[in-house]
Amino acid sequence: MQLQYLDKQDPQIAEAIRHELKRQQNVIELIPSENFVSLAVLEALGSVLTNKYSEGYPGNRYYGGTENVDVVENLAIERAKQLFGSEHVNVQPLSGAPANIAVYLALLNPGDTILGMDLSHGGHLTHGHPVTHMAKIFNFIRYKTELDTGLIDYENLRQMALEHKPKLILVGYSAYSREIDYEKIKNIADEVGALTMADIAHIAGLIAAGVMKNPVRLFDVVTTTTHKTLRGPRGGMIMCKAKHATLIDKSVFPGFQGGPHEHNIAAKAVAFGEALKPEFKEYTAQILKNTKALEATLKNHGFKICFGQSDNHLLLIDVTPKNITGKEAQNLLDTVNITCNKNMIPNDPRKPMDPSGIRVGTPAMTTRGFKEADFAEVGELIAAAIDNKDNPAGLEEVKKRALTLTAKYPLYPELNNL
Ligand code: DSN
């Protein structure tokens, strides 16, 4: 990897970067929120745009010399509008949590009630988990899924909305694998006079490509990160109806953030440009096929898939019937070059640092070129690793098979041996 300046000036950091490249090349990456950006995105991220301050918005900045960052930010906004069909876009949120917080602070007052999904049912920390600062400011109430169908319990959600009169109803999840009925949520919100917000961080790429339902035209506000299925740099974005534009923009800056990270916004623009191409639709369709292939193999091996099945890019698996915990499974899979994350399952009796489940997803390895047969093999490897958890020779065999798969689809070969 070409790190000519770092090699001379800071060899420790250069070495860590090289090791991370090797790690990414040699593992089957199944964390559903991770992906591999293009070299063009990496180039934009490492550009001189990182040097520039530009508080404000294109055409209306507090600093001089912003003519080039205005071009960059306008391109990011226009491409995002085209991708999602949004009336207004703010590309400045530094990531998903700041995007969500900026929306709450824009549209609500302290003490207002927000109805969001329970974390163990697939929700997200920033949707009002008691450990977050937002839970001290707003009154979060949590709805759940139906355990028998795996679907959101819309009738219960409606009853909760009627009882608690939320100002905002929040959908969008980080471990929930089913499609969302946005129309139903919108109807409930209209019945109680609530605003609607969807956090589509995980499925943004699938929505942009049209392989999952799009809430952007229906909902008041939609937030997302840009680095998951959307395959851009780490970052956030807010889309909203034109009537909320001023409040949202003022909330992001100057309300909550300072200078936008224009190198990152440039990388977002590059990724949005990639997502507008026909190949991206093929990529997202392949993500869905690959998830189904992985799901089928894991079901054949007796794994319990939470919510019944997956309609998107991820699977939440209760591993406890296999006499292993989520933490043990994550650590075991690490030893055979398969990376996933431990995860709470609905109504989990265990604790977050050693829960009952693992969460796996297909976006990253689909980027590398994996097809259904490869993901069927991944399912076999997960099952074989857990079956052989006390058999070092068996685990060694699984690791060899994992390395065969990663070698078949090289990652960033252009960066090797430079
Ligand atoms: N950390 C992200 C995820 O893994 O889902 C969400 O914030």
Unique residue being more than 16 Å from the ligand (Cβ to nearest atom), closer than 16 Å to Leu314 by Cβ and either part of a loop (DSSP other than H, G, I, E, B) or not acidic (Asp, Glu) (or both) when the list is Val216, Val211: Val211
Verdict on Asn90 being of a type in the set (S, T, N, Q), surrounded by fewer than 18 Cβ atoms within 10 Å (Cβ to Cβ) and more than 16 Å from the ligand (Cβ to nearest atom): no
Any hit, segment 219-227, residues being surrounded by fewer than 23 Cβ atoms within 10 Å (Cβ to Cβ), at pLDDT 95 or above and closer than 24 Å to Val37 by Cα: no
Residue match in segment 248-256 (condition: more than 19 Å from the chain's Cα centre (by Cα), in a helix (DSSP H, G or I), more than 16 Å from the ligand (Cβ to nearest atom) and aromatic (Phe, Trp, Tyr)): yes
Helices (runs of 4 or more DSSP H) (entirely within segment 1-92) containing at least 3 residues that are free of Cβ contacts under 8 Å to residues at least 60 places away in the same chain and in contact with a Phe, Trp or Tyr (Cβ under 8 Å, 6 or more places away or on another chain): none
Test result for Arg178, of a type in the set (Lys, Arg), assigned to a loop (DSSP other than H, G, I, E, B), surrounded by fewer than 22 Cβ atoms within 10 Å (Cβ to Cβ) and under 16 Å from the mean Cα position of the chain (by Cα): yes
Out of Thr335, Thr366, sole residue that is of a type outside the set (Phe, Trp, Tyr) and crowded, with 17+ Cβ neighbours inside 10 Å: Thr366
Residue in segment 189-203 that is more than 16 Å from the ligand (Cβ to nearest atom), of a type in the set (Val, Ile, Thr) and either under 23 Å from Glu155 (Cβ atoms) or surrounded by fewer than 24 Cβ atoms within 10 Å (Cβ to Cβ) (or both) present: yes
Pairs where the first residue, in segment 153-168, is over 18 Å from Gly123 (Cα atoms) and free of Cβ contacts under 8 Å to residues at least 60 places away in the same chain and the second is assigned to a helix (DSSP H, G or I) and of a type in the set (A, V, I, L, M, F, W, C), C-beta under 8 Å, 6+ apart: Leu162/Val192; Lys165/Val192
Exclusive hit being in contact with a Ser or Thr (Cβ under 7 Å, 6 or more places away or on another chain) and either closer than 20 Å to Ala266 by Cα or buried (at least 18 other Cβ atoms within 10 Å of the Cβ) (or both), set Thr126, Thr50: Thr126
Selection count where residues are closer than 22 Å to Ala296 by Cα and without any contact (Cβ under 8 Å) to a residue 60 or more places away in the chain, scope segment 340-356: 2
In segment 318-347, residue nearest to the ligand (Cβ to nearest atom) [restricted to those that are in contact with an Asp or Glu (Cβ under 9 Å, 6 or more places away or on another chain) and part of a helix (DSSP H, G or I)]: Gly326
Looking only at segment 118-160, and only at residues there that are in contact with a strand residue (DSSP E or B) (Cβ under 6 Å, 6 or more places away or on another chain) and of a type in the set (A, V, I, L, M), the one that is nearest to the ligand (Cβ to nearest atom): Ile152
Breaking point among (1) in a helix (DSSP H, G or I); (2) of a type in the set (S, T, N, Q); (3) surrounded by fewer than 21 Cβ atoms within 10 Å (Cβ to Cβ), for Asn109: (1)
Selection within segment 226-247 - of a type outside the set (A, V, I, L, M, F, W, C) and more than 16 Å from the ligand (Cβ to nearest atom): Lys241, Lys243, His244, Thr246
Selection from segment 17-54 of residues that are of a type in the set (Phe, Trp, Tyr) and away from the ligand (no atom under 16 Å from the Cβ): Tyr53
Subset of segment 142-165 [aliphatic (A, V, I, L, M) and either crowded, with 16+ Cβ neighbours inside 10 Å or under 24 Å from Asn312 (Cα atoms) (or both)]: Leu147, Leu151, Ile152, Leu157, Met160, Ala161
Of all residues making up segment 167-182, the number that are of a type outside the set (A, V, I, L, M, F, W, C), over 16 Å from Leu195 (Cβ atoms) and more than 12 Å from the ligand (Cβ to nearest atom): 4
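The values are calculated or read from the model by the stated rules, or taken from the named source; none is laboratory data. Since the model is a prediction, treat every value here as computed from it, not as a measurement. Methodologically, a virtual Cβ is constructed for each residue, glycine included, from the backbone with ideal geometry; neighbour enumeration extends over all protein chains shown.
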